[in-house]
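The values are calculated or read from the model by the stated rules, or taken from the named source; none is laboratory data. Values in this document were obtained by computation on a predicted structure and should not be read as measured data. Heads up, the Cβs are rebuilt from the backbone with ideal geometry, glycines too, and the neighbour counts pull from every protein chain shown. Accessible surface is based on the protein model in full, side chains and every heavy atom, while ligands, DNA and RNA are left aside. Shrake-Rupley method; radii C 1.70, N 1.55, O 1.52, S 1.80 Å.
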Amino acid sequence: MPIELRHLRYFIAVANELHFSRAAERLGISQPPLSQQIRQLEDTIGTPLLRRSNRRVELTEAGRAFVTEARAILRHSEHAVELARRVARGEAGELRIGFTASTPLSRHIPRTISAFRRERPDVHLQLEELPTLQQIDALLGRRLHLGIMRPAVLPPTLEAQALFSDPLVAVMPSEHAHLRQLDRAYRLPLNALADEPFVVFSHGAGTGIRDQVVALCVAAGFNPRISQEAAEPSTIIGLVAAGMGVSVLPASY
């Protein structure tokens with residue numbers, strides 16, 4: 001018959017007490033079943049683990065070797081149970097998080113990650129920078145537990161919850177005429193950019209911002225005239241600064 005954890009617990013109790021009656025009382029069972037379980041354990045192993053007499057109980061050499069390993073096995077099994085419970089409670093294990101390039105630029109997420117690491121030091125955070133569309137694929141493939149991204153059209157198997165606001169803003173050269181027309185709140189209607197060339201993310205960049213900006217422009221009554229594309233926000237900003245057009249990007253950039 002296979003050796004079960006209860007056999008190890010019973011044997012360790014007898015090895016600690018070197019007395020069947022006291023071990024049975026400690027385990028909360030009667031003595032005959034305890035003696036039967038120890039016999040079954042010895043029969044399974046194929047060698048006596050205890051020397052019994054009317055006056056005393058002693059460990060054999062095999063019993064002394066076995067009890068050391070049995071204690072280690074029980075400790076390991078208890079650790080495994082506790083670890084599983086802690087992982088289920090979110091106190092241990094690994095958490096794989098995807099984030100866009102703008103995420104570290106916000107004050108909210110770095111602060112939250114720092115607080116989480118202090119409160120859950122046994123949880124290994126695996127952070128990976130990915131564009132929105134790649135995050136969606138990674139979530140569907142269960143390579144990520146969660147993703148931090150801008151609003152996007154999600155498959156029905158994914159759910160989204162708003163974390164914070166990172167508004168889109170117009171980006172233009174510092175000498176642009178529109179900058180002299182801003183109201184006191186620094187607001188500019190989007191249709192004021194209808195005749196401007198746009199610098200946008202390329203389709204291959206995998207971000208959701210390009211589609212969001214195009215949809216906003218269409219809602220404002222015009223199709224943006226795209227003159228330049230780039231994969232990185234710093235490149236877009238540099239091209240705008242060089243006078244290649246205007247753009248609309250998250251304020252955190």
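See the values below:
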| quantity | calculated |
| --- | --- |
| HIS7, HIS76, HIS145, ranked by accessible area, largest first (probe 1.4 Å) | HIS76, HIS145, HIS7 |
| Largest-first ordering by accessible area, 1.4 Å probe, given options GLU58, GLU42, GLU78 | GLU78, GLU58, GLU42 |
| Over the stretch 1-90: Kirkwood hydrodynamic radius from C-alpha pairwise inverse distances, Å | 13.9 |
| Rounded to 5, percent antiparallel among DSSP beta bridges of the chain | 30 |
| Cα shape, the stretch 188-237, gyration tensor, a/c 1.5 rule | prolate |
| The chain: projected area of the alpha-carbon convex hull, averaged over directions, in nm² | 21.8 |
| Kirkwood Rh in Å, taken over all unlike Cα pairs in the stretch 166-253 | 13.1 |
| MET149, MET244, MET172, reordered so the largest accessible area comes first (probe 1.4 Å) | MET244, MET149, MET172 |
| Loop trypsin sites (Lys or Arg not before Pro), the stretch 1-65 (other Cβ atoms within 10 Å of the site Cβ: 15 or fewer; DSSP) | ARG55, ARG56 |
| At most 14 other Cβ within 10 Å, DSSP loop - trypsin sites (Lys or Arg not before Pro), the stretch 151-240 | ARG184, ARG187 |
